[in-house]
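Please treat every number below as a calculation from the coordinates, not as lab data. In this text the structure is predicted, and so the values were computed from the model without any measurement. Neighbour counts are summed over all protein chains in view; Cβ atoms, including those assigned to glycine, are modelled from backbone coordinates with ideal geometry.
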Amino acid sequence: MEIILGRCYGINKKEIDDIISQIEKEESVFKKSALDPLMPPGTIMGRKKQTEQLVRYLVGHKNGYVVPYISIYGRSGSGKSSLAKFVCSNVPGISYVLVNLRKAKTVFGAANLILAELGVPGLQNAQGINLAIDSVQKEIISMLRKQGKRLFVLVLDELDAIFYDKRGKPSDFVYKLVVLAEKMREQGLLLCIIGISNNVLSEYGLDDRVRSRIGSSEIFFEPYSKSDILGILKERSQEAFSSKINPKVLEYCADMSSSEHGDARRAIDLLRVSAEIAISRKEPLGISHLEMAQEELQKDRVERTLANASYHMRLVCGGLARVSYLDGGQWYSTSVLYKQYCSVLQKGTRQLGYRRISEMLTDLENTGLVISQTGSKGRNGYGTLYKLVVPPEVVGNLVSKEWWDGIVAAKTAHESAQNKAFGSGAGLSSSRKGLFGDLVKTLEQNSKEEWKRYVGL
Ligand SMILES: Nc1ncnc2c1ncn2[C@@H]1O[C@H](COP(=O)(O)OP(=O)(O)OP(=O)(O)O)[C@@H](O)[C@H]1O
Ligand SMILES: [Mg+2]
């Protein structure tokens with residue numbers, strides 16, 4: 001038997017120099033870092049209404065009053081963090097910190113993150129939340145006195161994270177921070193808390209005493225429209241590409257992004273990955289590269305979401321993929337999806353409640369795997385409907401290949417039985433069609449009903 005051995009090349013300094021000069025050549029036509037969504041934008045495009053609302057709330061400090069709490073909410077990538085940071089650093093006379101609570105698993109963890117951002121060492125759990133809040137107060141007051149300012153803005157980004165810590169009483173934590181704002185006013189200083197979340201605050205089950213204190217200073221960030229995204233992409237691409245790129249490419253990218261999600265971060269990512277694909281193929285950036293990039297990003301997103309998902313979240317994804325595949329990918333209500341979740345749950349496993357699954361669907365929307373809309377549920381009134389935006393096969397296979405193979409086999413068997421029994425006139429002659437027509441129709445109807453029951457609709 002002949003064995004062909006691969007050649008083994010030695011790497012010398014020249015090889016490294018060649019790689020570097022190749023990278024430099026690529027960078028001279030495409031500056032990747034300009035399409036890094038983590039890079040804060042130099043200019044905030046659009047969002048005039050939200051900017052004005054936020055500035056109006058904050059400049060009140062000149063007259064000695066600001067609302068104690070502002071809630072900023074909206075879907076992922078709608079510009080909430082960028083705008084809050086931009087406004088806070090440009091409104092004169094205020095001191096602020098922005099604390100991202102994503103990493104806080106508990107309410108106490110959140111308090112420690114705030115302390116860390118204020119430059120104070122964290123506390124031990126046993127020292128209690130009250131002591132943590134006292135430290136926050138002391139530090140804010142000393143910062144304001146040092147800087148000779150009157151208003152401190154505490155931006156709590158990704159506040160959603162603390163509402164999963166039911167034992168840590170998140171509602172109580174928000175209450176204590178708002179009371180802190182009241183206490184500071186007694187000392188002639190102002191504190192405004194800006195809470196940023198994906199959902200409107202009322203969905204997080206705050207108790208009444210908190211609600212009445214925080215008032216209703218809310219700023220909603222709707223998903224970006226096509227023209228908003230186009231503006232953001234144009235601004236970024238001026239810096240990213242050395243030569244002018246085909247305006248149709250940007251238009252198409254904005255169109256794809258706005259119709260699917262309205263998320264600026266994902267639109268920028270899509271453009272970056274498309275440019276990388278075009279460069280690797282030594283082709284000018286075109287629409288086909290956007291489509292290739294879209295497919296690559298979708299697959300990555302599903303893999304990432306499922307890798308980080310809990311067991312129950314994987315089942316919710318699996319249930320949605322199952323019903324979408326078997327039924328042809330429509331919009332599904334929370335109750336249909338809850339039924340799917342229950343049906344794929346292994347016997348003997350603890351079943352989560354309807355409300356938790358509904359929260360998971362909202363989380364899923366923020367990962368970009370599903371989109372939602374408020375639709376009519378017939379006699380049951382209005383409700384949220386969800387739709388998978390990636391091919392169900394991709395999700396199903398990643399949840400469990402063996403389980404998914406069974407679903408594919410069931411659909412194939414159903415379709416072939418349908419074709420044999422009722423397809424193209426079911427092989428009946430026209431006279432027999434007349435005689436048996438009604439019977440065939442009834443059987444077909446029964447079979448459809450049975451299939452619907454199997455699918456879980
Ligand atoms: N109005 C805008 N102008 C320019 N760039 C923007 C704008 N909005 C968003 N971006 C870009 O999109 C990225 C994501 O925006 P941002 O982080 O502000 O979204 P977000 O609403 O806070 O999302 P999440 O809920 O996921 O935290 C930003 O880093 C920025 O590059
Ligand atoms: Mg954010």
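Brief remarks on what is shown
- Against the main long axis of the alpha-carbon atoms of the chain, helix 287-308 sits at an angle near 80°.
- FRET efficiency, Ser372 to Val200 (Cβ-Cβ, R0 22 Å, nearest 0.05): 0.95
- Other-chain or far-sequence residues with amide H under 5 Å of Tyr96's (modelled H): Val153
- Sites Lys244 and Ser280 - FRET efficiency at Förster radius 25 Å, r taken between beta-carbons, to 0.05: 0.75
- Distance from the alpha carbon centroid of region 73-138 to that of region 148-190 works out to 9 angstrom.
- Spin-label pair Tyr311/Ile11, simplified geometry with 7 Å Cα→Cβ offset, distance in nm: 4.3
- Cα lying deepest toward the dipole's positive end in region 310-401, options Val370, Gln346, Ser358, charges on Cβ: Gln346
- Relative intensity of region 225-305 on a log10 scale, I(q)/I(0) at q = 0.21 Å⁻¹, equals -0.93, per a Debye sum over C-alpha point scatterers of equal strength in the absence of solvent.
- Helix axis angle, 401-422 relative to the chain longest principal axis, alpha carbon, degrees: 40
- Over the chain: Kirkwood hydrodynamic radius from C-alpha pairwise inverse distances, Å: 26.1
- Tail beyond 20 Å, pair distance distribution of region 48-221 (Cα, percent): 48
- On Cα atoms only, tilt of 107-117 relative to the major axis of the chain in degrees: 50
- FRET efficiency estimate (nearest 0.05) - Cβ-Cβ, Lys299 to Arg350, R0 30 angstrom: 0.45
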